[in-house]
Amino acid sequence: MTVVNFLIYVLMGLMVVMAIIAAETKNLLSAAIFSGFISLVVSMLFVYLQAPDVAMAEAAIGAALSLAIILFAIKRTGEVEEK
């Protein structure tokens with residue numbers, strides 16, 4: 001196993017862990033931030049797979065724009081947490 005393959009496996013495992021955390025958390029803000037981190041990890045995987053154009057699009061749209069829209073929606077609706 002090469003170093004690049006190891007990094008790909010680590011990033012994929014990190015992505016799965018962050019997806020589970022985002023799905024299981026009760027706080028909407030935390031879930032939105034973890035989904036943004038998932039998009040950043042996916043863009044890193046695209047860089048390792050030698051697709052820099054797709055990585056830039058994923059980072060810009062997936063991480064930045066989608067996260068901004070989700071955070072705006074949370075702010076506008078008013079988050080209700082169970083305590």
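Laboratory data are not the source of any read-out in this text; all were calculated from the coordinates shown. The shown structure was predicted, so the numbers you read here are calculated from the model rather than taken from an experiment. Note that each Cβ is placed from the backbone with ideal geometry, even for glycine, and that neighbours are counted across all protein chains shown.
Of S30, L40, V16, which is farthest along the charge dipole of the chain in the positive direction, counting Lys and Arg as +1 and Asp and Glu as -1 at C-beta?
S30
Expressed as an acute angle from 0 to 90° and rounded to the nearest 10, what is the orientation of the C-alpha long axis of helix 28-48 relative to the principal long axis of the chain?
Rounded to the nearest ten degrees, it is 10.
Using only Cα atoms, locate the centre of the stretch 39-61 and the centre of the stretch 1-21, then give the distance between them in Å, rounded to an integer.
Cα centres, the stretch 39-61 to the stretch 1-21: 14 Å.
Quote the relative contact order of the chain in percent (integer), defining contacts as alpha-carbon pairs under 8 Å separated by 6+ residues.
29 percent
Give me log10 I(q)/I(0) at q = 0.11, 0.14, 0.16 Å⁻¹ for the chain, Debye formula, one equal scatterer per alpha-carbon, no solvent.
Summing over Cα pairs of the chain leads to -0.35, -0.53, -0.66.
Which angle between 0 and 90 degrees, to the nearest 10, do you get for helix 66-77 versus the longest principal axis of the chain when only C-alpha atoms count?
Rounded to the nearest ten degrees, it is 10.
Assigning unit charges at the beta carbon (Lys, Arg +1; Asp, Glu -1) and nothing else, what dipole magnitude in debye, to the nearest 20, does the chain show about its Cα centre? Show your work: numbers first, answer last.
Details: 4 positive and 6 negative charges, 29 e Å.
So the dipole magnitude of the chain works out to roughly 140 debye.
Quickly work out the Q50-to-L14 label distance, labels modelled 7 Å from Cα along the C-beta direction, and quote it in nm with one decimal.
Simple spin-label model gives 2.3 nm for this pair.
With n ≥ 4 as the cut-off for DSSP H runs, can you work out [θ] at 222 nm for the chain, using -39500 (n - 2.57) per run divided by the number of residues, rounded to the nearest 500?
Per the formula, -24000 deg cm²/dmol.
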